[in-house]
Structures are given as structure tokens and as C-alpha cells.
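Any read-out appearing in this document is the output of simple, stated calculations on the displayed coordinates, not a laboratory observation. Keep in mind that this is a model prediction, so the values were computed, not measured. Cβ sites come from the backbone with ideal geometry, for glycine too, and all protein chains shown count toward neighbours.
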Amino acid sequence: MVERYSSNRMRFLLTALLLATSVHADEIDVAAAASLQDALRALAPVHEARTHDHIVFNFGASNALARQIRAGAPADVFFSADEATMDGVSTAWRQDVLSNRLKILGDLRTARRVALANPSAVPAGVYARQYLQRIGLWREVEPKVIPTDNVRAALAAFEGGNVDAAIVYATDAPKLRGVIVEGPSAPDIRYPAAVLRDARHPAAARRFVKFLRSAEAMAVFKKLGFLPPPPPTSSRSAGTTSTPPARSPR
């Protein structure tokens, strides 16, 4: 009788624990730049095991994700590849998480076709255009540019032999021969992550954004070639509350 009572009590406690876990678990919708795919897919299981939250990713070009968010697409967290695009959405809390560098694949001068993520809108392409303008090569390269939807598409075009050169993030092509852009002309690449103002699960979203800056997460980012964020340029990127966007992103 005592043994049966103990067994029933154990079942009750286990059921209560499972119910409590399911009640507090949230589904977090994360819109993230395409260049973050490998790192975030590696980190998601760690965060999910710890919090029991479930993370649903939507990867793409930051500018396209921002358009979706403004149009009402469900998203709790936005992890952008640049600050200008982040400024175009309404956020409740944001912080800089990472930095990156550009990498030139092939010879830009002799190439007939050069793949860039859309240099008018996609952060990787905008960074590349700004760099080429600073070093006086943009006018020479611009007629040869094949714009792509995102930086991974530019990499795929180069690897597939459809273009002769490309500019991507260093983290996208760690094993390919190329030139990493460094020095005073290099762009200031920042990846801010934010809890969106209309997040359905703001507490869970904030937990995830804080996790991205943890030592454990930063070790994974570093292994994949990302750099720590540079000093913030304003209070907006230093982990503070943000205001609604005052303008549309470029």
C-alpha cells in the first residue's frame, strides 16, 4: 500500500513538473540576417534546453526581414546585420551583439561579373559599396555588379562559377581564398539584436537576446569568425529601450 502510494505520488509530481514546464515555455519568432544561420542554428538547442522555449527562425536579408516586420509578420526578436535597418523597425530593447569583416573573393579589377548582395539595400552589399567608394574602386566595379537577394546568394554565385568575384562577410567564406578587408577604410559592421515593440513573448525574447551576449554564445560566434561588437555609437545600441522608427531604412 505504501509502495503504491509512493508510486502514485511520484507520477503526480512528474506530471505537475511537465505541466509547469509547458506553461512557462514560449515560442520565440526570431528574424535574423542570413549570415547568422550557422551560428544561431548551433546556439538554439542550447538555449531551448535551458529555458524550454522553442525558437523559430526566419533567415533572410536584413532589409527584407525589416519590411516583413513592418508589414505585420510575427516576430519577437530581430537580429540585423546593420544598425540602419534596425532603426527602421519599432523596438523595445536592443543591444549590439557582434561585428564582422568583409572578404573579397577573386580579383575585382579583372573580373567581368562581381556578385554583391544588393548594394542599395542589403547590409552586406551596402557595406561593400561604401568600402569600394572609400578606396576609389566603385565606379570601376559598379557596371560589373550582379546584385543578389542576400549575402549567401552572392557566395553561392561565386562558388557556382556564375561570377568571377564577390564580396561577402568573412564568416561566410572562412575556407575560401580571399582578402579580408581591414584598416581605416573598412566598414564599421555591427549586428544589433532587439526585442521588438510588438513581440508576443517579450520576456522570452529578452532572455534570448541576453543569451546571445553570454560567454557561451560568444564562444560559438568567435569559433565561426565573428568579432565582439565595437564600442556603441549611441545609447540605442548599448542595451537600452528604443523609440519607434523615425525613418525608413535605406
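Worth pointing out:
- Footprinting exposure proxy for Glu140, Glu159, Glu83 (fewest neighbouring C-beta atoms within 10 Å first): Glu140, Glu159, Glu83
- Gained length - Leu176 relative to Gln37, 0.36 nm times residue gap less alpha-carbon distance: 48.2 nm
- A convex hull fitted to the Cα coordinates of the range 102-180 yields 76 cubic angstrom per residue.
- By the count of neighbouring beta-carbon atoms within 10 Å, fewest first, Leu176, Leu40 end up ordered Leu176, Leu40.
- In a fully extended conformation the segment linking Asn162 and Ala25 would gain 44.8 nm over its present Cα-Cα distance, using 0.36 nm per residue.
- Partners of Lys223 within straight-line reach, counting lysines whose Cα lies under 22 Å from its Cα and excluding those fewer than 8 residues away in the same chain: Lys103, Lys175, Lys210.
- A full extension of the chain between Leu137 and Ala73 corresponds to an added length of 19.2 nm, given 0.36 nm per residue minus the alpha carbon distance.
- Calculated FRET efficiency for the pair Asp188/Lys223, C-beta based, R₀ 22 Å, to 0.05: 0.45
- The spacing between the range 18-87 and the range 129-202, judged by their C-alpha centroids, is 22 Å.
- The peptide list 47-58, 142-153, put in order of mean Cβ contacts within 10 Å with the highest first, becomes 142-153, 47-58.
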